[in-house]
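All of the numbers you see were taken from the coordinates with simple rules; none came from a lab. Remember, it's a predicted structure, so these values are computed and weren't measured experimentally. Methodologically, a virtual Cβ is constructed for each residue, glycine included, from the backbone with ideal geometry; neighbour enumeration extends over all protein chains shown.
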Amino acid sequence: MAADKATLSLAELLAQGGFTMIPIYACSLVALALFLHKVFGLRRQRHREMGWFEPVLERVREGDYEAASGECARAPHPGARVVRAMMDVLRDRPDRAESEARRVGSFELQQAERGLGVLSFIAQAAPLLGLLGTVFGMVDLFIGLQGAGGANVAVSALSGGIWKALLTTAAGLSVAVPTLAGHSYLASRADKLKLQLTDVIGQVMTAAPALPTPADATSTSSES
């Protein structure tokens with residue numbers, strides 16, 4: 001008996017966990033697919049590469065908003081889309097440039113944080129599903145022991161029932177721990193992006209040449 005247990009494959013071992021393993025499997029697949037999707041998205045957007053920003057900032061200092069917008073169009077970074085939105089309104093409505101930047105920046109942050117709620121839910125639900133499976137397993141075990149009679153209970157049968165019941169708890173924790181780690185990693189990247197966008201908006205607003213206000217224009221007309 002011991003030799004048979006020692007030669008159980010991983011698939012055979014997990015199959016002993018019962019029907020509650022099915023939602024745990026589903027949680028693991030969803031968490032893995034979502035994490036990989038988010039990581040590849042971060043790689044495509046190159047969040048850590050800010051080399052595109054200095055040329056854009058130079059064009060903004062020169063007042064060449066069209067060129068700055070063109071530079072932003074070639075950069076995959078979310079900050080480039082924020083700056084491009086600013087360029088579209090900075091020339092005609094400089095007073096609205098910062099609010100437009102914050103609107104677009106908020107949208108970009110929502111995109112970066114999308115899916116984190118699902119990962120958080122899986123990290124909390126997987127251990128509970130494992131615990132539920134363990135409870136069902138222990139209930140089933142004691143029902144069997146009651147039917148067999150206390151005097152006829154073998155230690156091997158008791159221990160075998162317990163380790164089978166505990167499999168779901170182990171499986172749930174095995175899903176929850178890496179999912180929580182992935183959630184923490186992606187949340188930290190979203191926080192860094194928020195800081196980047198705030199810095200980008202502040203630098204662009206500082207670098208942009210001051211445009212004359214309507215009051216200035218009226219004063220200039222009067223003097224002439």
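Could you name the aspartates and glutamates whose alpha carbon sits less than 20 Å from that of Lys164, not counting residues in the same chain fewer than 8 places away?
Asp4, Glu12, Asp140
Using packing as a proxy for protection, rank 132-140, 175-183, 89-97 so that the peptide with the highest average count of other Cβ atoms within 10 Å comes first. Walk me through the numbers before you get to the answer.
Numbers: 132-140: 17.7, 175-183: 19.7, 89-97: 15.7.
With the highest mean Cβ count within 10 Å placed first, the list reads 175-183, 132-140, 89-97.
Hey, got the dipole for the range 12-210? About the Cα centre, +1 on K and R Cβ, -1 on D and E Cβ, debye to the nearest 20? The partial results should precede the final answer.
Values: 20 positive and 18 negative charges, 34 e Å.
For the range 12-210, the charge dipole is close to 160 debye.
Give the Debye-formula value of log10 I(q)/I(0) at each listed q (0.16 Å⁻¹), with one equal scatterer per alpha carbon of the range 12-210, two decimals each.
-0.94
Relative contact order for the range 12-210 using alpha-carbon pairs under 8 Å, separation at least 6, rounded to a whole percent? All intermediate terms of the calculation are to be shown ahead of the outcome.
Numbers: 208 pairs, mean separation 63.0, N = 199.
Reported as a whole number, the value is 32 percent.
What translational D, rounded to a whole number of µm²/s, comes out for the range 71-151 from Stokes-Einstein when the hydrodynamic radius is the Kirkwood one over Cα pairs, at 25 °C and 0.890 mPa s? It would help to have the intermediate numbers written out before the result.
Working: Rh = 17.4 Å.
For the chosen part, D equals 141 µm²/s.
Give a residue-ordered list of calculated ³J(HN,Hα) values for the range 127-136 (Karplus: 6.51 cos²θ - 1.76 cosθ + 1.60, θ = phi - 60°; whole Hz; x for Gly, Pro).
Once θ is set to phi - 60°, the couplings for the range 127-136 become x, 5, 5, x, 5, 4, x, 5, 4, 4 Hz.
Which values of log₁₀ I(q)/I(0), to two decimal places, follow from the Debye formula for the range 15-112 at q = 0.11, 0.19, 0.24 Å⁻¹ with a uniform point scatterer at every Cα?
The computed values of log10 I(q)/I(0) come out as -0.47, -0.91, -1.20.
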